[in-house]
Amino acid sequence: MGILLLAREGAPPLGDLEEDGAAFWVAQVAPRGLDEPYEPSDEAGWTEDLENEMALWEEWQGYAANLARPLTNCRDLIEFMIDLGLIEEGTGEEAWRTVSPLPLVEDVLPISDERREVESQIRWRLNFMPAERAITAWIAKNNPGGVAESEIRTSLKAIAADLGLDIEDARHGLAVLLDEDVRCDVDPETAADPEPLRLHIDWQLFEDLRTLYRAAPPQ
């Protein structure tokens, strides 16, 4: 992720990773240094993410071990990503960059059926991210203010019409966003288009967990 973001910001390393020109870039993707033991906590944005990051790191170490590769520090990780075809050496000032399009994980590693299902679910959710964002911004605009919780009565047909969405995009977008802060009295995946829905909103959780809901819906 660090490599991807830095490339988008126009800050790839210049030349070899050991050269002075790469120091800023290296500090961003390897804050403990290229050869210091990798710490999954560096990737965890929230404390509750750490357990997941630890599990992912152990999983990737297993993949590397099956390919007889060490995987203990950021240098190992970068070299492993090069071997898998995830990043590549560029030319001129763009010394390192992510490949585009990125290959699917199952195309480069012998992953388990469980991991394959997880990756499939992630891709499914990403397909409906624009609809999810549009609906979450719409929910935010319906905040009555001054109350801890409230309900929004609507339907998939009404949501789609209000936001100019395809009805199936509205259905799946709503299904994707449901969580502890936004609950629905029926399953959007099985609800009829005009069927009345009641969305129960916990506004404190909504503010705490979903700040992106306040963003304008994508065009």
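Just give me the residues in the range 178-196 being surrounded by 13 or more Cβ atoms within 10 Å (Cβ to Cβ) and within 21 Å of Gly145 (Cα to Cα), in sequence order.
If the condition is that a residue be surrounded by 13 or more Cβ atoms within 10 Å (Cβ to Cβ) and within 21 Å of Gly145 (Cα to Cα), then Leu178, Asp181, Val182, Arg183, Cys184 are the ones that fit.
All but one of (1) closer than 17 Å to Ile201 by Cα; (2) touching a residue at least 60 places away in the same chain (Cβ under 8 Å) hold for Asn142; which doesn't?
Just one mismatch for Asn142, condition (2).
Just checking, which of Asp49, Asp35 is in the same structural domain as Pro70 (by TED's automatic domain parsing) and at pLDDT below 70? So that I can check it myself, show each step before the final result.
Working: Asp35 fails: at pLDDT below 70.
None of the others qualify; the one that does is Asp49.
Select from the range 54-78 the residues that are over 19 Å from Leu34 (Cβ atoms) and in a helix (DSSP H, G or I) and list them in ascending order.
Residues of the range 54-78 that are over 19 Å from Leu34 (Cβ atoms), as a first pass: 54-56, 58-59, 62-63, 65-68.
Those that are over 19 Å from Leu34 (Cβ atoms) and in a helix (DSSP H, G or I): Met54, Ala55, Leu56, Glu58, Glu59, Gly62, Tyr63, Ala65, Asn66.
What do you reckon, is Arg116 under 30 Å from Gly62 (Cα atoms) and charged (D, E, K, R)? Quick ask: steps written out before the conclusion?
Numbers: under 30 Å from Gly62 (Cα atoms): yes; charged (D, E, K, R): yes.
Considered against the rule, which asks whether it is under 30 Å from Gly62 (Cα atoms) and charged (D, E, K, R), Arg116 comes out as yes.
Only one of these is touching a residue at least 24 places away in the same chain (Cβ under 8 Å) and closer than 14 Å to Ala140 by Cα: Val176, Val182. Name it. Before the answer, list the steps.
On the way: Val176 fails: closer than 14 Å to Ala140 by Cα.
Matching residue, one of Val176, Val182: Val182.
The values are calculated or read from the model by the stated rules, or taken from the named source; none is laboratory data. If you're wondering where the values come from, they're calculated on a predicted model, not measured in any experiment. Backbone-built Cβ (ideal geometry, glycine too); neighbour counts: all protein chains shown.
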